[in-house]
Amino acid sequence: MSIRSSLYFNYAGIPSVDFGIFNVNLSADMQEEPFASGRSLHETKIRGRDRPYFQGVEKEPLKIGVSFAFEDTWDRRKIREVSRWLTEQPYYQPLYFTDGDDRQPERIYYALVVDEPSLVHNGLRQGYVRLTFRCDGPYAYSPQSYSRRYDWQETAIEIEESDFSKGERKSVTLDTHGRLVLDSIAPKWIDLPQETKWSDIDL
């Protein structure tokens, strides 16, 4: 889900609806938002050579500019609470945008407010806040996913193998690690009767 098409957001574990704030778009044209992080090239120039030597690429952290509008009028107490919530975080906090459904967010940013946040209003305690979030890296994060838990019982099992050509059944034993358990006493040729033929031995 894109940032501009989302009505709500969650920052530092607090949903914006708790303060009566919504994510809004102020432009009447097509919406613009970050497509990817910026990149800078590292090159070395030497005298007498017009073409620089390429050293690598460095990606810059994402920056997200947003506008959050108040649904109702505010007072001094509410403005202070919103200011502390958005601009006084000591470290990067999770930020994601949503339409208010219960589904997990597709992307989670870890961000802090930078530059100069501004409050735009009409003098009647109505308006919006303009902010810039700087992320901790060039990428967003996927939410954690958990697989189903399976209980494993470590007990030896016995598997019966059918030999349909002789009408017999053989059993194979596996230990708790799934390894084959062999007979500790292996027969020797000298222990068999002298009249025994190779074809008589049941392998």
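The values are calculated or read from the model by the stated rules, or taken from the named source; none is laboratory data. Since we're looking at a predicted model, the values are computed, not measured. As a convention, Cβ positions derive from the backbone with ideal geometry for all residues, glycine included, and neighbour counts pool all protein chains shown. Just so you know, the surface numbers come from the protein's heavy atoms only, side chains and all, with ligands and any DNA or RNA stripped out. Shrake-Rupley method; radii C 1.70, N 1.55, O 1.52, S 1.80 Å.
Out of curiosity, is Lys45 under 21 Å from Tyr110 (Cα atoms) and either touching a Pro at 6+ places or on another chain (Cβ under 7 Å) or of a type outside the set (A, V, I, L, M) (or both)?
In short, no.
Looking at Asn25 and the list (1) open to solvent by 60 Å² or more (accessible area, probe 1.4 Å); (2) in contact (Cβ under 8 Å) with a residue 60 or more places away in the chain; (3) not basic (Lys, Arg), which single condition is not satisfied?
(2)
Which pairs have Cβ atoms under 9 Å, sit 6 or more apart or on different chains, and link a residue in region 128-139 that is within 17 Å of Phe19 (Cβ to Cβ) to one that is hydroxyl-bearing (Ser, Thr, Tyr) and open to solvent by less than 10 Å² (accessible area, probe 1.4 Å)?
Close Cβ pairs satisfying both conditions: Phe133/Tyr11.
Let's see how each residue does on (1) in contact with a helix residue (DSSP H, G or I) (Cβ under 6 Å, 6 or more places away or on another chain); (2) surrounded by 14 or more Cβ atoms within 10 Å (Cβ to Cβ); (3) at pLDDT below 90:
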{"residue": "Ile21", "(1), (2), (3)": "no, yes, no"}
{"residue": "Leu41", "(1), (2), (3)": "no, no, no"}
{"residue": "Ile46", "(1), (2), (3)": "no, no, no"}
{"residue": "Asp75", "(1), (2), (3)": "no, no, yes"}
{"residue": "Val82", "(1), (2), (3)": "yes, yes, no"}
{"residue": "Tyr91", "(1), (2), (3)": "no, no, no"}
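Within region 92-151, can you find the residues that are outside any strand (DSSP E or B), hydrophobic (A, V, I, L, M, F, W, C) and under 16 Å from Gly65 (Cα atoms)?
If we filter region 92-151 for residues that are outside any strand (DSSP E or B), which is where we start, we get 92, 99-107, 122-126, 136-140, 142-151.
Then drop every residue that is not hydrophobic (A, V, I, L, M, F, W, C), which leaves 124, 140.
Passing the criteria: only Ala140.
Please count how many residues of region 111-133 are open to solvent by 80 Å² or more (accessible area, probe 1.4 Å) and at negative phi.
6
If Lys78 meets every condition in (1) of a type in the set (D, E, K, R); (2) assigned to a strand (DSSP E or B); (3) in contact (Cβ under 8 Å) with a residue 24 or more places away in the chain apart from one, which number is that one?
(2)
Across region 48-73, what is the number of residues that are open to solvent by 80 Å² or more (accessible area, probe 1.4 Å) and either in a helix (DSSP H, G or I) or under 26 Å from Pro138 (Cα atoms) (or both)?
7
Restricting attention to region 109-137, and to residues there that are at pLDDT 90 or above and of a type in the set (A, V, I, L, M), which single residue is farthest from the chain's Cα centre (by Cα)?
By that ranking, first place goes to Val129.
Restricting the search to region 152-162, which residues are in a loop (DSSP other than H, G, I, E, B) and either at pLDDT 75 or above or not β-branched (Val, Ile, Thr) (or both)?
Trp152, Gln153, Glu154, Ala156
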